[in-house]
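Engineer: Just passing along the structure, written as structure tokens.
The values are calculated or read from the model by the stated rules, or taken from the named source; none is laboratory data. Being a predicted model, the structure only gives us computed values, none of them experimental. Positions of Cβ are backbone-derived with ideal geometry, glycine not excepted, and every protein chain shown enters the neighbour counts.
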Amino acid sequence: MEITLEMEEKNIQPVMAQELETSSFRLISTLGLAGFFSGLVLVGAFLFTRPIIAANRAQALQEAIFKVLPGCASFRTIELREGRLVMVEEGAPEPREGEEVRRIYAGYNDKGKLIGFAITGEEPGYQDLIVAIFGYNPRKEVVVGFEVLESKETPGLGDKIMKDPAFLSNFRALAVEPPVKVVPKGEKKKDNEIEAITGATISSKAVGRLLEKSLIEWRPLIGEYWKEYKKEGD
């Protein structure tokens, strides 16, 4: 009798082990398939939305160029090539993905006269990277407009850099010499000073750094381009 029970137990154990192994395999297979199809959905969604996002960004950039350059009726793209600014031909293909290209935008009035340049820049803010564009008048050497393109700053505080009228008024005729400087609210006395937003000093200073870094990079290049433009007009 004992021998029979032992034999039955020995027979049961392999069956249970086999069932457990089969169940585990099914679970792993199910999870694997679920992960695979989820991945396909995510990749498909990314590929579908990427051109839409790119088109929206391009549209937002175009609208911002007209905002930061008062009197701008049209613009042309200018590219940094081998240390000098070169106008991009109309209809030229967009840079390939991953290709690093440095660009600014030349704005013209309704008579076709060059009135200024729209310059993009980015700088870490309080929450995340602030991406913005500003207008620069090389004749008067002043910033004439400012627009935030991307920001995740704190709602009600840091995000005021995008919409606060008093803050945005800093950029209607902001002198770039001496270098741009951010000062506390109510302490602006000079044309090169940006009056900070109360409670959003970090975001305000980030904007100041963004402008200063971009101006250091682009002003000398714009200066040379502007000289050549004036020579051609004489």
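Engineer: Tally the residues that are within 14 Å of ARG172 (Cα to Cα) and not basic (Lys, Arg), restricting the search to segment 67-77.
Structural biologist: Summing the residues that are within 14 Å of ARG172 (Cα to Cα) and not basic (Lys, Arg) in segment 67-77 gives 4.
Engineer: Of the residues in segment 198-217, how many are touching a strand residue (DSSP E or B) at 6+ places or on another chain (Cβ under 6 Å) and among the charged types (D, E, K, R)?
Structural biologist: Of the residues in that region, 2 qualify.
Engineer: Right, another one. What's the number of the condition THR120 fails, among (1) closer than 21 Å to ALA60 by Cα; (2) modelled with pLDDT under 95?
Structural biologist: (2)
Engineer: Turning to a different aspect of this structure: I'd like the full set of residues that are free of Cβ contacts under 8 Å to residues at least 60 places away in the same chain, within 14 Å of LEU221 (Cβ to Cβ) and assigned to a strand (DSSP E or B), limited to segment 66-99.
Structural biologist: Answer for segment 66-99, where residues must be free of Cβ contacts under 8 Å to residues at least 60 places away in the same chain, within 14 Å of LEU221 (Cβ to Cβ) and assigned to a strand (DSSP E or B): GLU79, ARG81, VAL86, MET87.
Engineer: For GLU123, indicate whether it is of a type in the set (Asp, Glu) and outside any strand (DSSP E or B).
Structural biologist: Answer is no for this residue.
Engineer: Looking at segment 127-153 only, could you name the residues that are under 20 Å from ALA200 (Cα atoms), touching a Gly at 6+ places or on another chain (Cβ under 9 Å) and not in a strand (DSSP E or B)?
Structural biologist: GLN127, SER151, LYS152, GLU153
Engineer: Which of (1) more than 18 Å from the chain's Cα centre (by Cα); (2) in a loop (DSSP other than H, G, I, E, B) does TYR225 not meet, given it meets every other one?
Structural biologist: Looking at each condition in turn, TYR225 falls short on (2).
Engineer: Can you tell me which residue in segment 113-160 is farthest from LEU80 (Cα to Cα), limited to those that are among the basic types (Lys, Arg) and surrounded by fewer than 21 Cβ atoms within 10 Å (Cβ to Cβ)?
Structural biologist: Start the filter on segment 113-160 by keeping residues that are among the basic types (Lys, Arg), which leaves 113, 139-140, 152, 160.
Okay, now just the ones that are also surrounded by fewer than 21 Cβ atoms within 10 Å (Cβ to Cβ), so 113, 139-140, 152.
On the way: LYS113: 21, ARG139: 21, LYS140: 23, LYS152: 29 Å.
Taking the candidates together, the pick is LYS152.
Engineer: Related question: Would you mention how many residues in segment 158-179 are within 25 Å of GLU63 (Cα to Cα) and in a loop (DSSP other than H, G, I, E, B)?
Structural biologist: Number of matching residues: 6.
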